[in-house]
Amino acid sequence: MSNNQFGAFIFDMNGTMIDDMAFHVKAWSYMVNNVLGAELTEAQVKAEMYGKNEEVLARIFGKERFTPEETHRLSIEKEKRYQAEYLPHLTLIKGLSAFLERAYQHRIPMAIGSAAMPFNIDFVLDNLELRHYFPNIVSADDVAVSKPHPETYLKAADLLNIAPGKCLVFEDAPKGVEAARHAGMKAIAITTLHDPGEFAQYDNIIAFIKDFDDPVIAQLA
């Protein structure tokens, strides 16, 4: 193995392992505008797309707009729309398959730390046959407060039994990098949806990559 200072890898999922965020923007835009009657541009929708689905709905429509049952129904409806649109395109970001296998062979512990609900995590892991890489998963259902709060990544580190400072986070979103920073973790930012300038305020990023074929990745496993 290369001279790797990190004892474990933690992956965000959407936009980090799979390049699917444009499909989430499309599904959310349809839901909030066509189903729920908001009049937001895609850029406005994109700006609200972090954290749990219920948090997204609360930011856009207010905390009292929907009952918990309505929120759950709308979340599932949105995810079913997203999955139907994205399934024909579902694939890992370039270079990630080989990187996961190298890390696995080198016995580097790995976890997923995602704001996605289990319904979406299962969709990705089962269709791409990735479960053996990720025995440890933190989903939206496992935390009280999602990113940029550090709970997601601190729980992942705890599951891995690795000190937070020895974990390297892979993220595509500024709020996710912020969560890693609050958790005391370094991050690699994947520029699938956001450009480097959008991460300017964060000092815990060790590299920006467009995919996992980047030479930086070869030094990790």
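The values are calculated or read from the model by the stated rules, or taken from the named source; none is laboratory data. The model shown is predicted, which means the values in this text are computed figures rather than measured ones. Glycine gets a Cβ as well: all are built from the backbone with ideal geometry, and neighbour counts include every protein chain shown.
Looking at L96, L36, L74, L90 in this structure, which one is in contact (Cβ under 8 Å) with a residue 40 or more places away in the chain and surrounded by fewer than 17 Cβ atoms within 10 Å (Cβ to Cβ)? So that I can check it myself, show each step before the final result.
Working: L96 fails: surrounded by fewer than 17 Cβ atoms within 10 Å (Cβ to Cβ); L36 fails: in contact (Cβ under 8 Å) with a residue 40 or more places away in the chain; L74 fails: surrounded by fewer than 17 Cβ atoms within 10 Å (Cβ to Cβ).
Only one candidate qualifies: L90.
Whenever a residue of region 200-221 is among the basic types (K, R), its partners that are modelled with pLDDT of 95 or more, lying with C-beta atoms within less than 8 angstrom and at least six residues away or across chains, give the pairs K210/I190; K210/T191.
All told, T192 falls short of being surrounded by 19 or more Cβ atoms within 10 Å (Cβ to Cβ), in contact (Cβ under 8 Å) with a residue 24 or more places away in the chain and either within 13 Å of I112 (Cβ to Cβ) or not assigned by TED's automatic domain parsing to the domain that holds N14 (or both).
If only residues of region 173-205 that are touching a Leu at 6+ places or on another chain (Cβ under 8 Å) and either of a type in the set (K, R) or in a strand (DSSP E or B) (or both) are counted, the one that is farthest from E101 (Cα to Cα) is K186. Within region 158-172, being crowded, with 17+ Cβ neighbours inside 10 Å and either closer than 12 Å to F6 by Cα or modelled with pLDDT under 95 (or both) holds for I162, P164, C167, L168, V169.
Residues in region 39-66 that are of a type in the set (G, A, S) and buried (at least 18 other Cβ atoms within 10 Å of the Cβ): G51 alone. Within region 127-155, the set of residues being without any contact (Cβ under 8 Å) to a residue 40 or more places away in the chain, part of a helix (DSSP H, G or I) and under 18 Å from I76 (Cα atoms) comprises D141, D142. If only residues of region 101-125 that are in contact (Cβ under 8 Å) with a residue 12 or more places away in the chain and assigned to a loop (DSSP other than H, G, I, E, B) are counted, the one that is farthest from the chain's Cα centre (by Cα) is H106. Here F66 meets each of (1) in contact (Cβ under 8 Å) with a residue 60 or more places away in the chain; (2) within 24 Å of V32 (Cβ to Cβ) with one exception, condition (1). Scanning region 156-167 for residues that are assigned to a loop (DSSP other than H, G, I, E, B) and not small (G, A, S) yields N161, I162. In this structure, I205 does satisfy being surrounded by 15 or more Cβ atoms within 10 Å (Cβ to Cβ) and more than 13 Å from the chain's Cα centre (by Cα).
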